[in-house]
Amino acid sequence: MLLLRFPFLRSPSHLSFRLPLRSSISASTKFPSQMASYTTSSPAPKLLFRQLFEKDSSTFTYLLADALHPEKPALLIDPVDKTVDRDLSLVKELGLKLIYALNTHVHADHVTGTGLIKSKVPGVKSIISKASNASADVFIEPGEKIYFGDLFLEVRATPGHTSGCVTYVTGDGSNQPYRRMAFTGDALLIRGCGRTDFQGGSSYQLYESVHSQIFSLPKDTLVYPAHDYKGFTVSTVGEEIQYNPRLTKDKETFKEIMENLKLSYPKMMDVAVPANMVCGFQETKV
């Protein structure tokens, strides 16, 4: 299989880094959800998985690691600044080596924890999509793979909520976890989706993204969104194809629904977006 190289970060220059094509490990599965066990039918539990929650913004953070590798390399998806200490404490307790902190997009409802994590754990690299135009150590593009050992996440472009949204999907193959898992950010929520009225959003684009990049996955693929406001923690592609009240509609009806949500202006947007464009570092005013 061809392994793709990640591009150098172009700005700022001191963050530049080339993501290694692989860092030796293997794969299988067993994953607890929200600190409770969720087990799949994999012969050897190589994928360690935890789903964590930040209550103020109703944000999920996901911890993934290769549990069988000697170094137990790990990554965090969508960390929040308020819960960085909790997340890093868990990483330490589980004996993991955190190597990457990823964002699915530039969030508007909380400040990402990637910058704070980098300041506390030397060597951790931040990752975000090139299309986001945000700062990070590594820019990723559609089709590329993020390896943490022999396990990897596939990058799928799912713009529409913002212009830079991506979905991270666990690998497909005999040495990868079964069932597959899709970390959909705000593109696809459980029985919903992210709003499309700011940050370069587009209802048409979001509809196409979800249907072509997420609904095309196997129906038993587990869906893990960036947020939930109703107490749900996980869904499947098959469930959302059948029951999602917005995305089961045709494209024109979906556009009409999205244009009439009448949502309020995000209370954290003026703080979160500028900070998240620079890896979560907030400007200090003297």
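The values are calculated or read from the model by the stated rules, or taken from the named source; none is laboratory data. Here the structure is a predicted model, which is why all the values come from computation and not from measurement. Cβ sites come from the backbone with ideal geometry, for glycine too, and all protein chains shown count toward neighbours. The accessibility values were calculated without ligands, DNA or RNA, using every heavy atom of the protein model including side chains. Shrake-Rupley method; radii C 1.70, N 1.55, O 1.52, S 1.80 Å.
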Members of the stretch 92-131 found to be in a helix (DSSP H, G or I) and open to solvent by less than 10 Å² (accessible area, probe 1.4 Å), listed by number: Thr114, Gly115, Ile117
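Just wondering, is there one or more residues in the stretch 202-213 that are part of a loop (DSSP other than H, G, I, E, B) and under 22 Å from the mean Cα position of the chain (by Cα)? Please lay out each step first, then the result.
Our first condition is that a residue be part of a loop (DSSP other than H, G, I, E, B); within the stretch 202-213, this holds for 202.
Of the ones still in play, those that are also under 22 Å from the mean Cα position of the chain (by Cα) are 202.
Yes, the stretch 202-213 has at least one match.
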Within the stretch 132-172, restricting attention to residues that are assigned to a loop (DSSP other than H, G, I, E, B) and polar (S, T, N, Q), which residue is nearest to Val111 (Cα to Cα)? Ser135
Given the options Ile241, Ile214, name the one that is over 29 Å from Tyr265 (Cβ atoms) and surrounded by fewer than 23 Cβ atoms within 10 Å (Cβ to Cβ). Ile241
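Given Asp197, Asp150, Asp186, which one is of a type in the set (Asp, Glu) and under 14 Å from the mean Cα position of the chain (by Cα)? Please lay out each step first, then the result.
Values: Asp197 fails: under 14 Å from the mean Cα position of the chain (by Cα); Asp150 fails: under 14 Å from the mean Cα position of the chain (by Cα).
One residue alone meets the criteria, Asp186.
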Conditions first: (1) farther than 22 Å from Ser129 by Cα; (2) out of contact with any strand residue (DSSP E or B) (no Cβ under 8 Å at 6 or more places or on another chain). Gln199 passes all but one, so which condition is the exception? (1)
Restricting attention to the stretch 188-211, and to residues there that are in contact (Cβ under 8 Å) with a residue 60 or more places away in the chain and touching a Ser or Thr at 6+ places or on another chain (Cβ under 6 Å), which single residue is surrounded by the most Cβ atoms within 10 Å (Cβ to Cβ)? Thr196
Selection from the stretch 65-87 of residues that are within 15 Å of Ser126 (Cα to Cα) and either of a type outside the set (Val, Ile, Thr) or open to solvent by 10 Å² or more (accessible area, probe 1.4 Å) (or both): Pro73, Ala74, Leu75, Leu76, Asp78, Pro79, Asp81
